[in-house]
Amino acid sequence: MVYEEIPVGGVITRQKVGKLRVNDVSNPTVAKCKITKGNDEIADAFLAGRGLICVSDSKALFY
């Protein structure tokens, strides 16, 4: 899952903007991914330099 980190009242909150699927893990800090949902939202946030964070969805391991 891809979230945008947004400060609200001095606290960082997360708003879901899309979903990725990992295709290849190059090393512990780099992975090649494909956007499966929210392509425009992720691209807009990335290009604007807004804070994005990816969080593993454990349920996706068992689809």
request  = Confirm whether Ser26 is among the hydroxyl-bearing types (Ser, Thr, Tyr), in a loop (DSSP other than H, G, I, E, B) and open to solvent by 50 Å² or more (accessible area, probe 1.4 Å).
outcome  = no
Residue pairs meeting the criteria (Cβ under 8 Å; at least 6 apart or on separate chains; first of a type in the set (Phe, Trp, Tyr), in the stretch 1-21; second open to solvent by less than 70 Å² (accessible area, probe 1.4 Å)) = Tyr3/Val17; Tyr3/Leu52; Tyr3/Ile53; Tyr3/Val55
note = The residue that is least open to solvent (accessible area, probe 1.4 Å), considering only those in the stretch 29-47 that are at pLDDT below 95 and among the small types (Gly, Ala, Ser), is Ala45
message = Going residue by residue through the stretch 48-59, is there one that turns out to be assigned to a loop (DSSP other than H, G, I, E, B) and acidic (Asp, Glu)?
response = yes
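The values are calculated or read from the model by the stated rules, or taken from the named source; none is laboratory data. Everything numeric in this text was worked out from a predicted model, so none of it was measured. Note that we place each Cβ from the backbone using ideal geometry, even for glycine, and neighbour counts take in every protein chain shown. The protein model used for the area step is the full one, side chains on, heavy atoms only, and it has no ligands, DNA or RNA in it. Shrake-Rupley method; radii C 1.70, N 1.55, O 1.52, S 1.80 Å.
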